[in-house]
Structure formats: structure tokens, C-alpha cells
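The values are calculated or read from the model by the stated rules, or taken from the named source; none is laboratory data. Computed from a predicted structure; not experimentally measured. Accessible surface is based on the protein model in full, side chains and every heavy atom, while ligands, DNA and RNA are left aside. Shrake-Rupley method; radii C 1.70, N 1.55, O 1.52, S 1.80 Å.
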Amino acid sequence: MSLPYVDSRQLGAGMVYLLTAPTVATSSAFDGSIALLYGALDNAQAGSAVVSSDVDHDGYLDLIIGAPGEKDNRGSAYVIRGPVAGNTVLYRGAGGRIIGEDSGDAFAASLAVLPSGELLVGAPDSGQGAGAVYQLWGPLSGVALARDGHRIDGAVGSSFGSSLAVAPGRGWVVVGAPTDDNDVGSVHLLEIP
């Protein structure tokens, strides 16, 4: 469960609960919580997007957590290696971090993982609202930059990359562009090699 606008340790830093199922919400805590991952910086909005995949092929699911508000909305994606347990601040507990290109991009507002293991990251505010999707290859460790991946740009004003989904069993990706065509919006189906 993600709470991207919660004031965890910093104003609007966000947080992600890793829960066992089934769980029941009670007052301000969650029964069954096995990990709590905190955003590190003011307005990071950690947890705006979360996906899980075994990105390092060690048999444990890893978490990739988007924090699109970090560093003046430049955005970052954090890779948390599995098994995940305990409480940690993303900045300290991440096995990898991918940093967006420019302030205002909202990098990591959306995330998806292809069956082949590549990470797709949406940056819907990139290029003054055109938006972009980045394809990144592993290993996702240490600090990497978005520009090191393959970039697919959207049309001017489309917010391309606001949402991402992978079609099961295919190398196809569905990309949302909600402000395309004067806010009519569009959905794009991409075949990723």
C-alpha cells in the first residue's frame, strides 16, 4: 500500500507499506505490515508508483518505488532488494536509484517491468508536458541516470507516460497520455523490442 502524499519523515515525502494478506486497517497502523519504506525528501511523493519484480534474478521479489516529486520534481526510482523486511528510509535502504533528467520531469510517476526484466519509467512532465517513457536495462544497482536508458518521447502537451501497463505474455506496453489532443487524451500501444 502506498501513501505518496503522507508526511512521513519530511513534508509530503510519502511512504510505502509492505503488507501480508489479508490485512485490516486500524486507526493509524496496519496489521500485517512487514516493512515500512519512507520517502527521504520533502515533497518526494514516494509511492506514487510501485512495481515488484525479481530484477536481480536471485529468487526474491524486489520493489521499485517511484518518487516523482524529488529534487524539484526531477524524480527518482528506487530499487529495494528482496526479501524486504523492517523499516527504512528509501535513500539509505535502496540497492539502486535511477535519477530523472531535468527538474519538472516527474520521472517515476509511473513504472512497469517487462517480462524480459527491463524497467519502464514514465516522466509525464518531461519536455514541458510532452512526456517520455524510459526503458532501462539491469543490473539496477548503484546510482544510474535516466538518460542512460532508451527514451521514447510523447507529442507536445500529451503528458505521455502518465500511466504504464504491460500486456501479459507480450512485449507490448500500454502508455497513457491523458492531455493529448487538447485534453481529449489518448492511449498508445508500443511494441518494445
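Tabulated values for the structure
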read-out: Cα centroid separation - segment 71-138 against segment 161-179, whole Å; value: 16
read-out: Alpha-carbon Debye profile of segment 41-85, log10 I(q)/I(0) at 0.27 Å⁻¹; value: -0.84
read-out: Kirkwood hydrodynamic radius (C-alpha pairs) into Stokes-Einstein, segment 83-161, 4 °C and 1.567 mPa s, D in µm²/s; value: 98
read-out: Carbon and sulfur %, accessible surface of segment 119-193 computed with the full protein complex present, 1.4 Å; value: 54
read-out: Under-5 Å amide H pairs with G104, H placed in peptide plane, nonlocal only; value: N73, R74
read-out: Solvent exposure of segment 119-165 as accessible area per residue, Å², 1.4 Å probe; value: 43
read-out: For segment 155-163, Karplus couplings with θ = phi - 60° (6.51, -1.76, 1.60), whole Hz, Gly/Pro x; value: 6, 3, x, 8, 6, 4, x, 4, 9
read-out: Rounded accessible area per residue of segment 52-99, 1.4 Å, Å²; value: 44
read-out: Extent along principal axes [Cα atoms of segment 78-122; Å; largest to smallest]; value: 31, 29, 13
read-out: Calculated P(r) of segment 116-193 - Cα pairs past 17 Å, %; value: 43
read-out: Amide H contacts of D62 (H built 1.01 Å from N, under 5 Å, at least 5 apart or other chain); value: S53, D54, V55, G82
